[in-house]
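Data first, discussion second: the structure below is written as structure tokens.
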Amino acid sequence: LYPRYEDAQRQRVMTELVPRVWALCELAAAANMNLTIDAEEVDRLELSLDVFDALAARVAERFPMWQGFGLALQAYQTRALELIECVTAIARRHRLRLMCRLVKGAYWDAEIKRAQELGLPHYPVFTHKQHTDISYLACARALLAAPDAIYPQFATHNAGTIAAILQMAAKSGAAFELQRLHGMGEGIYREVLKNPLLGCRVYAPVGAHRDLLAYLVRRLLENGANSSFVHQLADEAVDVDELLLSPLRLDPEPSLPLPVDLYGPERRNSAGLDLSVETLRAPLLAAYATTGVPVVAPSDVERIPQAVDRATRGFAEWGARPVAERAATLRQAADALEAQLPLFCALMVKEARKTWVDAVAEVREAADFLRYYALEAERLMAPRILPGPTGERNELRLSGRGAWVCISPWNFPLAIFLGQVAAALATGNAVLAKPAEQTPAIAAQAVRLLHAAGVPEPALQLLHGAGETVGAALVAQQPIAGVVFTGSTEVARIIA
């Protein structure tokens, strides 16, 4: 219905998508049919609620007696109960009775992966199926407790869940219905529907093969999972008592590591932002409003030999530091970079014309580079005792080679720039960094950050200018130990 269904396009969604969905509501209401707004990914939840609220207001005005409008709720969300409170408030505010289709959730893998990729502080969904099962029962109780505003629809193929719902519904006296998918749970519901007072709605997909294929694949993945009730029901090795064991009695399992601990205890994952949350976008916009792009003066080609001599002296100081100390300096720089994320994002949006999403991702990549090379340097360069066949002490130590020239491109003005610099610094080398001539301000800010973290100024120098002048003069210097270059093959051949 709408290709830009995202919080960043909220105004367009409300003005363009809502009328399209309302046209469907009018058709459904005229035919006295049900229309349920399906659940989306977690990052669209607030937007979906705004769309639903706007549609509910129109339903209350045009079709106040229609009780076929509703939405799906996902029990695997950690804020599922708060969501039910919100939907109940919408129903009461508009004096409607809304349908609520309670499901466990179909995007678990995607939600977990998204939280890990974005470096979020927590997961938006429960990480254990037993917790989702418990949440489902808690949500069912909450829905049954609001019969004036909610008509609960319980979509499940789990016999234990169905039995619990029937017990709760019998105590509350609230009307409800059960739901299953076409072709699934037929044996279970054959027994359940022997009670003539119970109703079950069957969800059946309708459409061409190409439209249904993705839906069918998702159903196969869901029910093929080892934790799926349907999968275990078909497994003769699973005992019935084990199958119907209450989720409240299951032993806790080891939890998934939080996104920040994705790489284990040795390296922290970079912290990101969920840009679908307005309060998290606010610091970025504030930084954009107050941050200018400073002018970076080009380096004097005639003074490059002096810069190389200074780097050689800086190498002697920096390379003499223990690798653990150098690694700690880079980790401190990574922490500072994350703390200054709004500033660096604003610079990249203004100078490199990045989008906010790409800018945040690049700051995170740069922080990851700093921590990664710090860890690798410790692993590779820590002194190692070698065998001494005749009783002597043999110790292997790796050291830096001298001053390196690092030439980075414009398309990743922070991540590649800092990646090159971090690798050289971590291994005890000095760096003469030449950024892309289009994005010197970003590089200059990154160099200031590293200096503040403890890298000596002679060991890290910024030389800005055109590749044909400053770049050519740098790579031609005899004392340099090597060149790190990211760019075209043509230029790489010239350097070589």
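What follows is calculated from the coordinates using simple rules that are stated; it is not laboratory data. None of the values given here were measured: they were computed from a predicted structure. Here the Cβ is made from the backbone with ideal geometry for all residues, glycine too, and neighbour counts use every protein chain on show.
Here each label is just a point 7 Å from Cα along the line to Cβ, and for Glu46 and Ala138 those points are 2.2 nm apart.
Semi-axes of the stretch 432-494's equivalent ellipsoid from the Cα gyration tensor, sqrt of 5 times each eigenvalue, largest first, rounded to whole Å?
Three semi-axes, in Å: 22, 15, 10.
When peptides 458-464, 425-431, 202-208 are sorted by average Cβ neighbour count within 10 Å, with the highest value leading, the order is 425-431, 458-464, 202-208. Residue ranges 292-302, 64-74 sort as 64-74, 292-302 when ordered by packing (mean number of other C-beta atoms within 10 Å per residue, highest first). Taken along its three principal axes, the alpha carbon spread of the chain comes to 91, 65, 39 Å, from the longest extent down to the shortest. For the stretch 65-133, the equivalent ellipsoid derived from the alpha-carbon gyration tensor has semi-axes of 28, 12, 10 Å in decreasing order.
Shape of the stretch 299-424 from its Cα gyration tensor (a ≥ b ≥ c, root eigenvalues): rounded if a/c is under 1.5, otherwise prolate when a/b > b/c, or oblate? Since a/c reaches 1.5 but b/c is at least a/b, the shape of the stretch 299-424 is classed as oblate. Each of Leu1 and Arg393 was given a label point 7 Å from its Cα along the Cα-to-Cβ line. The distance between the two points is 7.5 nm. Counting only DSSP beta bridges with both residues in the chain, what percent are antiparallel, rounded to the nearest 5? Antiparallel: roughly 10 percent of the beta bridges in the chain. Remark: the stretch 7-261 is approximated by an ellipsoid whose semi-axes, taken from the C-alpha gyration tensor as √(5λ), come to 29, 24, 19 Å, largest first. Please give the FRET efficiency for Leu262 paired with Gln477, using the beta carbon to beta carbon distance and R0 = 45 Å, rounded to the nearest 0.05. It comes to 0.65. The spacing between the stretch 166-212 and the stretch 63-142, judged by their C-alpha centroids, is 19 Å. Remark: the Cα gyration tensor places the stretch 355-401 in the prolate category, a/c being 1.5 or greater and a/b exceeding b/c. Using Cα pairs closer than 8 Å and at least 6 residues apart in sequence, work out the relative contact order for the chain, in percent. Computed over the chain, the figure is 11 percent.
Report relative contact order for the stretch 7-261 in percent, whole number only (criteria: Cα-Cα under 8 Å, sequence separation at least 6). Present the calculation step by step, with values, prior to reporting the outcome.
Details: 312 pairs, mean separation 42.5, N = 255.
Once divided by the residue count of the stretch 7-261, the mean separation gives 17 percent.
Relative to the current alpha-carbon distance between Thr279 and Asn32, full extension at 0.36 nm per residue lengthens the span by 84.9 nm. Taking 22 Å as R0, compute the FRET efficiency from the Cβ-Cβ separation of Ala289 and Val357 and round it to 0.05. Once the sixth-power term is evaluated, E becomes 0.70. Taken one residue at a time, the phi angles of the stretch 284-297 give Karplus couplings (6.51, -1.76, 1.60, θ = phi - 60°) of 5, 5, 5, 5, 4, 6, 10, 9, x, 9, x, 7, 9, 5 Hz. Gly and Pro are set to x.
Classify the stretch 1-70: rounded, prolate or oblate, from the alpha-carbon gyration tensor (a ≥ b ≥ c, eigenvalue square roots; a/c under 1.5 rounded; otherwise prolate if a/b is larger than b/c)? The shape class here is prolate.
Full extension of the chain between Ile494 and Asp309 yields a length gain of 64.2 nm, computed as 0.36 nm times the residue separation minus the alpha carbon distance. For the stretch 313-382, the relative contact order comes to 47 percent (Cα pairs under 8 Å, sequence separation of at least 6). With the charge dipole of the stretch 7-261 set up from +1 on Lys and Arg Cβ and -1 on Asp and Glu Cβ about the Cα centre, the Cα lying farthest toward the positive end among the listed residues Met65, Gly185, Met33 is that of Met65. Candidate cross-link partners of Lys104 among the lysines, defined by an alpha-carbon separation under 22 Å and a same-chain spacing of 8 or more, comprise Lys113, Lys129.
With the highest mean first, a sort of the peptides 94-107, 39-52 on other beta-carbon atoms found within 10 angstrom per residue produces 94-107, 39-52.
Residues whose amide H comes within less than 5 Å of that of Asp300, counting only those at least five positions distant or on another chain, are absent (H built at 1.01 Å from N in the peptide plane). If both residues of a DSSP beta bridge must be in the stretch 7-261, then about 5% of such bridges are antiparallel.
If the reach is capped at under 18 angstrom between alpha carbons, list the aspartates and glutamates near Lys194, excluding any in the same chain fewer than eight residues apart. Of all the aspartates and glutamates, those that pass the test against Lys194 - Cα under 18 Å, at least 8 places apart if same chain - are Glu177, Glu186. A simple rule links phi to the HN-Hα coupling: the Karplus curve 6.51 cos²θ - 1.76 cosθ + 1.60 with θ = phi - 60°, which for the stretch 427-443 gives 8, x, 8, 8, 10, 10, 9, 10, x, 4, 5, 7, 9, x, 5, 4, 5 Hz, with x for Gly and Pro. Taking the charge dipole of the stretch 7-261 about its Cα centre, with +1 at Lys and Arg Cβ atoms and -1 at Asp and Glu Cβ atoms, the residue from Gly207, Ala110, Ala174 reaching farthest to the positive side is Ala174.
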